[in-house]
Amino acid sequence: MSSFLLVTMAATKSTNQYPRNVLRRIIKAHSGCNISKNADVLIYLDYALFLEQLLKEAGIDAKASGEKQIAARNVKKARDSVLKKFRA
């Protein structure tokens, strides 16, 4: 499991892996539609995979430029390519 997912899971204080009710309210507020029973789980997993891939590609960019840490410029460079992959 990636370190990002572990940090995300540790950050939530509830027994769930993520704040499910909060996510459902956000989705409903932005779309204006009710969502099916497990759609929020799929949306959260897609979000987690997106962030994991973004950090992975930003890390590759940082190593290629000789940096020891991921900077905002590395994330910005990786953002467009990762968004293209997830838009399908």
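Derivation of every value follows stated rules applied to the coordinates shown; laboratory data play no part. Computed from a predicted model, the values in this text were never measured in an experiment. Backbone-built Cβ (ideal geometry, glycine too); neighbour counts: all protein chains shown.
Of all residues in the range 58-88 being surrounded by 15 or more Cβ atoms within 10 Å (Cβ to Cβ) and either of a type in the set (Lys, Arg) or in contact (Cβ under 8 Å) with a residue 24 or more places away in the chain (or both), which is nearest to VAL22 (Cα to Cα)?
Residues of the range 58-88 that are surrounded by 15 or more Cβ atoms within 10 Å (Cβ to Cβ), as a first pass: 58-59, 61-62, 70, 74-75, 77-78, 82.
Applying the additional criterion that residues be either of a type in the set (Lys, Arg) or in contact (Cβ under 8 Å) with a residue 24 or more places away in the chain (or both) yields 77-78, 82.
On the way: LYS77: 30, ALA78: 28, VAL82: 26 Å.
My answer is VAL82.
Could you grab me the full set of residues in the range 34-68 that are aliphatic (A, V, I, L, M) and not in a helix (DSSP H, G or I)?
Looking only at the range 34-68, we keep the residues that are aliphatic (A, V, I, L, M), and these are 35, 39, 41-43, 45, 48-49, 51, 54-55, 58, 60, 62, 64.
The one that is aliphatic (A, V, I, L, M) and not in a helix (DSSP H, G or I): ILE35.
Given the residues LEU55, LEU49, which is the only one that is under 25 Å from ILE27 (Cα atoms) and in contact (Cβ under 8 Å) with a residue 40 or more places away in the chain? Please lay out each step first, then the result.
On the way: LEU49 fails: in contact (Cβ under 8 Å) with a residue 40 or more places away in the chain.
On inspection, the qualifying residue turns out to be LEU55.
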